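Note sheet for the following structure.
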Amino acid sequence: MKSNLLVFIALFASSAEVLAKPVEQLNIYSFRKLELIAPIISSFEKESGINVNLVHGKSKYLLKRLEVDGRQSHADLLLTSDLSQLANKKHLLQPFTEFTNLAHVNQSLIDDEKYWVSTSLRARTIFSAEHTTLPIPEYYSDFNKSQYHGQFCIRDLSHSYNKELFASLLSIGEKENTHWLQKPEKLLVKRPTGNDRDQLRALANGQCQFALANHYYFDMLAHSENQKDQLIASKLKRHWLKTYKGTTLISTTTAAITKYAPNKSNAIIFMNYLLEAQTQKIYASKLYEFPVYTQNKHDQTTFENNNLKMIPDVKAVKTSLSFLVNTKIL
């Protein structure tokens, strides 16, 4: 009887210890909407057992909150919707240690000091519609031609997506590509309002000859459960713009660890998870973005299974940051 009692006490103590053990946590500030990253967050929680607490908001507000909170901040990780949002922000971050999947990412998509790593790619593309009568611009330098002035629907020119494009063009340094940047508003047919999807809707409705938007918004409309969105996509065609080198400029979503992350080890686990082959497939199938993961560690200038019909200019991603830091240039 005494022996059984001791066994019961031991089991009870062990169970109490398990129950008292805190649940592993990861606190993320996301500049991307919840619905865009929900599939990845859900998959990570199931696989890792780590509970993710996500706060979504505009980058300028969350970055300000991070700075004000300082050492008291609960945030572990930042998920950006564009690398440009981290320009001039290294004082809010900390470098991460090496992890396995970094070897599968092009070095131009990793900060030299390991403060950030890109997790997916997208291109800023031109869209035309059934009613479009002008020739389709093939090169960024075509924007210099007067026939394209007053023909475009584009969201606010100061938005990070556009700033990243402008900075990438400036970093390449080809004057033909950048001359139009002196007065980009000349391209506009109307005052910028709404997001990228709104520009595509305006194009389909005949308000402009062309629209400039991230490539994946077309796929989102085409695969939407809303029949009106599907109809809009059916009226549009997507075209890849080229630099004088024949490459297409891209932007990236990015992950970075906060300076005072209370759960840094979990942040590392999550970053590594983002770069796994299976997670990268979620980016492609659910978000319609292009993966950064490549099987060939020795040749990371191309990306497998992308069917892009274009050559992404990965080098311009990192070099554009120097222009984004110097805000007077943009």
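The values are calculated or read from the model by the stated rules, or taken from the named source; none is laboratory data. Nothing here was measured: the structure is a model prediction, and the numbers come from that model. Ideal geometry is used to build each Cβ from the backbone, glycine not excepted, and the neighbour counts take in all protein chains shown. SASA here: full protein model, heavy atoms, side chains in, ligands and nucleic acids out. Shrake-Rupley method; radii C 1.70, N 1.55, O 1.52, S 1.80 Å.
Numbers for the structure displayed
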quantity	calculated
Candidate set from region 267-280 (those that are crowded, with 19+ Cβ neighbours inside 10 Å and more than 17 Å from Leu78 (Cα to Cα)); member that is nearest to the chain's Cα centre (by Cα)	Gln280
In region 1-24, the residues that are at pLDDT 80 or above and exposed (fewer than 10 other Cβ atoms within 10 Å of the Cβ)	Val23
Pairs where the first residue, in region 305-330, is charged (D, E, K, R) and the second is in a helix (DSSP H, G or I) and modelled with pLDDT of 85 or more, C-beta under 6 Å, 6+ apart	Lys315/Ser108; Lys318/Ser108
Unmet requirement for Lys264, which otherwise passes all of (1) touching a residue at least 24 places away in the same chain (Cβ under 8 Å); (2) open to solvent by less than 30 Å² (accessible area, probe 1.4 Å)	(2)
Strands (runs of 3 or more DSSP E) contained in region 142-261 and holding at least 2 residues open to solvent by 60 Å² or more (accessible area, probe 1.4 Å) and in contact (Cβ under 8 Å) with a residue 60 or more places away in the chain	236-239
Any chance Tyr283 is modelled with pLDDT under 85, under 30 Å from Ser73 (Cβ atoms) and among the aromatic types (Phe, Trp, Tyr)	yes
Index of the failed condition, Ile126 passing every other in (1) in a strand (DSSP E or B); (2) of a type in the set (A, V, I, L, M); (3) within 29 Å of Pro22 (Cβ to Cβ)	(3)
Of all residues in region 110-141 being aliphatic (A, V, I, L, M) and open to solvent by less than 10 Å² (accessible area, probe 1.4 Å), the one that is farthest from the chain's Cα centre (by Cα)	Ile126
Among (1) closer than 30 Å to Arg201 by Cα; (2) in contact with a Ser or Thr (Cβ under 9 Å, 6 or more places away or on another chain), the one test that Phe127 misses	(2)
Hits in region 165-185 - residues which are in contact with a helix residue (DSSP H, G or I) (Cβ under 7 Å, 6 or more places away or on another chain) and among the charged types (D, E, K, R)	Glu176
Checklist (1) open to solvent by 30 Å² or more (accessible area, probe 1.4 Å); (2) β-branched (Val, Ile, Thr); (3) under 15 Å from Leu83 (Cα atoms) applied to Val292, failing item	(1)
